[in-house]
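Asker: Structure provided below as structure tokens; questions to follow.
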Amino acid sequence: MRLILLGAPGAGKGTVAKLLTQFDGSIQISTGDILRGAVQAGTELGKKAEAFMKAGDLVPDELIMGIMENRLQEPDCAKGFLLDGFPRTIPQAEALKELLKKLDITLDVVANIEVPRQEILNRLTTRRTCVNTQCQAIYNVRSQPPKVEGVCDKCGSPIVQRDDETEEAISKRLDTYDAKTAPLIDFYRQEGLLLTVDSPSSEGVMNAIIAKIKKS
Ligand code: AMP
């Protein structure tokens, strides 16, 4: 499958993407994960992106499109891909449309995951992420704590609160989402690709997406 997952930070895009990869071998591409990996590795890209990310701002479109032009042409994308956190602005969506046309790739669906703002705030302030860039497993200190406090169940690395998940950065990220990313909902509605999903569980969201793909 080839799809875009839209939704505010904390809507569960990453979790749903991971569930969907088990379904047909499509791969998850998260620009947030790629950028965090670059910051941790201290690459040029990481150095350019770090300050924007810490402040809860978006990284400039040119940097993101540079990453995605290369990423979408890698061989592992042939089976399908789930775009998690990209596109995030109208210029990115327009550039992606051109890129997909050039690569002769058609999207199946753009799934917009709707979650009330208060629920998002609750989820993000209690979210913890594994520091290992190869793992990046996600926990929640209330609803899904690791077996040993502060330690990843999957790889044993420390789990931490992300720099951009302090209360101040979260509220900035949500404002940024409303101003820059929410307009993509109308963009993809006009493209005839939009599916709106508001199931409270990630499994429910996954099932709604699979049902839609099977129908089309
Ligand atoms: P995420 O894990 O998807 O919430 O991304 C974390 C941070 O990475 C965001 O707050 C942005 O600073 C940056 N980022 C990720 N994806 C994009 C994108 N498509 N465009 C611009 N900035 C992005």
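Asker: Enumerate the amide H contacts of A8 below 5 Å, restricted to partners 5 or more residues apart or on another chain; note that Pro and chain-start residues carry no placed amide H.
Answerer: Under 5 Å from the amide H of A8 lie the amide H atoms of V115, each far enough along the sequence or on another chain.
Asker: Also: Over all pairs of distinct alpha carbons, what does the Kirkwood formula give as the hydrodynamic radius of the range 105-171, in Å?
Answerer: Working: mean 1/r = 0.0743 Å⁻¹.
Evaluated on the range 105-171, it is 13.5 Å.
Asker: Please compute one quarter of the surface area of the Cα convex hull for the chain and express it in square nanometres. Could you put the intermediate results ahead of the total?
Answerer: Details: hull surface 45.5 nm².
For the Cα atoms of the chain, the hull's average projected area reads 11.4 nm².
Asker: Using R₀ = 22 Å, calculate the FRET efficiency as 1/(1 + (r/R₀)^6) where r is the Cβ-Cβ separation of Q22 and N132; round to 0.05.
Answerer: Working: r = 20 Å, r/R0 = 0.93.
Efficiency computed from Cβ-Cβ geometry: 0.60.
Asker: Okay, next question. Too long at a 30 Å Cα-Cα cut-off: which of K48/K102; K48/K97; K79/K172?
Answerer: On the way: K48/K102 28 Å; K48/K97 25 Å; K79/K172 36 Å.
Those over the limit are K79/K172.
Asker: Leaving out ligands, DNA and RNA, what percent of the accessible area of the chain is carbon and sulfur, probe 1.4 Å? All intermediate terms of the calculation are to be shown ahead of the outcome.
Answerer: Details: 5570 of 11030 Å².
Answer for the chain is 51 percent, counting heavy atoms of protein chains only.
Asker: Can I ask one more? Can you tell which of G66, L6, Q190 lies farthest toward the positive end of the dipole of the chain, using +1 and -1 charges on the Cβ of basic and acidic side chains (Lys, Arg; Asp, Glu)?
Answerer: So the residue furthest toward the plus end is L6.
Asker: Further question: Among the lysines, which have Cα under 22 Å from the Cα of K154 when same-chain residues fewer than 8 positions away are ignored?
Answerer: Hits, sequence-local ones excluded: K13, K18.
Asker: What FRET efficiency, computed as 1/(1 + (r/R0)^6) with R0 = 25 Å and r the Cβ-Cβ distance, is obtained for D57 and R117, rounded to the nearest 0.05?
Answerer: On the way: r = 19 Å, r/R0 = 0.77.
It comes to 0.85.
Asker: With a cut-off of 16 Å, note down the residues of the range 1-27 whose backbone N falls inside the zone around a label point 7 Å from the Cα of I105 toward its beta carbon.
Answerer: Backbone N within reach: 1-6, 21, 25-27.
Asker: Mind giving me the FRET efficiency for Q40 and T166? R0 is 22 Å, r the Cβ-Cβ distance, nearest 0.05 is fine.
Answerer: Values: r = 18 Å, r/R0 = 0.84.
Computed FRET efficiency for Q40 and T166 comes out at 0.75.
Asker: Additional query: Hey, can you grab everything whose amide H is under 5 Å from the amide H of G85? Only 5+ residues off in sequence or another chain; H modelled, so Pro and N-termini drop out.
Answerer: L5
Asker: Once label points are set 7 Å from the Cα along Cα→Cβ at both E94 and T125, what is their separation, rounded to one decimal in nm?
Answerer: 3.8 nm
Asker: Enumerate the amide H contacts of I27 below 5 Å, restricted to partners 5 or more residues apart or on another chain; note that Pro and chain-start residues carry no placed amide H.
Answerer: Amide H neighbours of I27: G80, F81, L82.
The values are calculated or read from the model by the stated rules, or taken from the named source; none is laboratory data. If you're wondering where the values come from, they're calculated on a predicted model, not measured in any experiment. With ideal geometry, Cβ positions are generated from the backbone for all residues, glycine too; neighbour counts draw on all protein chains shown. Ligands, DNA and RNA are excluded from the accessible area calculation, which covers all protein heavy atoms including side chains. Shrake-Rupley method; radii C 1.70, N 1.55, O 1.52, S 1.80 Å.
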